[in-house]
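Let me give you the structure first, and then I'll get to my questions.
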Amino acid sequence: MMDDCDVLSPIRGALSSLRTFHFVLDSTLESCATIDAFEYAPQLEELFLTCRPNLVKCILLPWTQIHRFRYGMEHSSQISLALLTEMPNLVSCVLGDISFTSGLHLQDCSLRVASLMSLTLNLPKTNIYGIRQVLDNISAPSLESLELLGVGNSSKINRDLVDALSNFFQRSCCNLRSLALSSPSSISADIISLIRIIPSSLTKLSITSFG
């Protein structure tokens, strides 16, 4: 693993036209050598990462340039907030399962993700405490599109989600245009309750039910 990281070093500074970077690191290691090959990529705007959360910090990247970001691994709410803080110009974000963080270190005020226009969240099957920690601590005034995957796993999850989103929308004061809901179960009253708290600016609604 250490050699795999080191072998990338010669391309450091040679990726002046790189715009999109997909990085999949299938490893159970707790840490690895610093990967600095992609630190200087002045055109990089799109980043897809699939690696354990503890390995993300090993990859040096021009985070402030990133406009589109996808993180496919399960991770904590603390990691979510840390990543969002690193990307002030983020426009589109897709996050995998977010777990609860005990003793979450919070900023003095809500994190304002001013440029974020599109957000996709994958809802865990057990609880949404992690997602709620994220939604309770960010605002996204430019948000226009929201996609929720896994809605309807349980009534309690849906009620918690409605509360979290209601507060998030009030705090963000965004003009949401598009909402997409993907549910492994049939359409329930909880899903209707969720739709009812969506801002009136909504012009596109997509519901996919597998029940």
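For region 35-68, which positions are over 18 Å from ASN122 (Cβ atoms), among the β-branched types (Val, Ile, Thr) and not in a helix (DSSP H, G or I)?
Our first condition is that a residue be over 18 Å from ASN122 (Cβ atoms); within region 35-68, this holds for 35-46, 54-55, 57-67.
Subset that is among the β-branched types (Val, Ile, Thr): 35, 59, 64, 66.
Scanning region 35-68 gives ILE35, ILE59, ILE66.
What number goes with the only condition from (1) at pLDDT below 90; (2) touching a helix residue (DSSP H, G or I) at 6+ places or on another chain (Cβ under 8 Å); (3) part of a strand (DSSP E or B) that THR208 does not pass?
For THR208, the exception is condition (2).
Here's the yes/no breakdown for (1) assigned to a helix (DSSP H, G or I); (2) within 21 Å of SER178 (Cβ to Cβ); (3) at pLDDT 95 or above:
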{"residue": "ARG70", "(1), (2), (3)": "no, yes, yes"}
{"residue": "MET73", "(1), (2), (3)": "no, no, no"}
{"residue": "HIS105", "(1), (2), (3)": "no, no, no"}
{"residue": "SER115", "(1), (2), (3)": "no, yes, yes"}
{"residue": "LEU119", "(1), (2), (3)": "no, yes, yes"}
{"residue": "THR126", "(1), (2), (3)": "no, no, no"}
{"residue": "GLN133", "(1), (2), (3)": "yes, no, no"}
{"residue": "SER142", "(1), (2), (3)": "no, yes, yes"}
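Could you check HIS105 against (1) out of contact with any Phe, Trp or Tyr (no Cβ under 8 Å at 6 or more places or on another chain); (2) surrounded by 17 or more Cβ atoms within 10 Å (Cβ to Cβ); (3) not charged (D, E, K, R) and say which number it fails?
HIS105 satisfies all of (1) out of contact with any Phe, Trp or Tyr (no Cβ under 8 Å at 6 or more places or on another chain); (2) surrounded by 17 or more Cβ atoms within 10 Å (Cβ to Cβ); (3) not charged (D, E, K, R) except (2).
Let me ask something else about it. For region 29-37, state whether one or more residues are of a type outside the set (A, V, I, L, M, F, W, C), surrounded by 12 or more Cβ atoms within 10 Å (Cβ to Cβ) and at pLDDT 75 or above. Don't jump to the end; show me each part of the working.
So in region 29-37, the residues of a type outside the set (A, V, I, L, M, F, W, C) come out as 30-31, 34, 36.
Pick out the ones that are also surrounded by 12 or more Cβ atoms within 10 Å (Cβ to Cβ) and you get 31, 34, 36.
From what is left, the residues that are at pLDDT 75 or above are 34, 36.
Checked against the condition, which is being of a type outside the set (A, V, I, L, M, F, W, C), surrounded by 12 or more Cβ atoms within 10 Å (Cβ to Cβ) and at pLDDT 75 or above, region 29-37 yields at least one hit.
The values are calculated or read from the model by the stated rules, or taken from the named source; none is laboratory data. If you're wondering where the values come from, they're calculated on a predicted model, not measured in any experiment. No Cβ is skipped: glycine too gets one built from the backbone with ideal geometry, and neighbour counts run over all protein chains shown.
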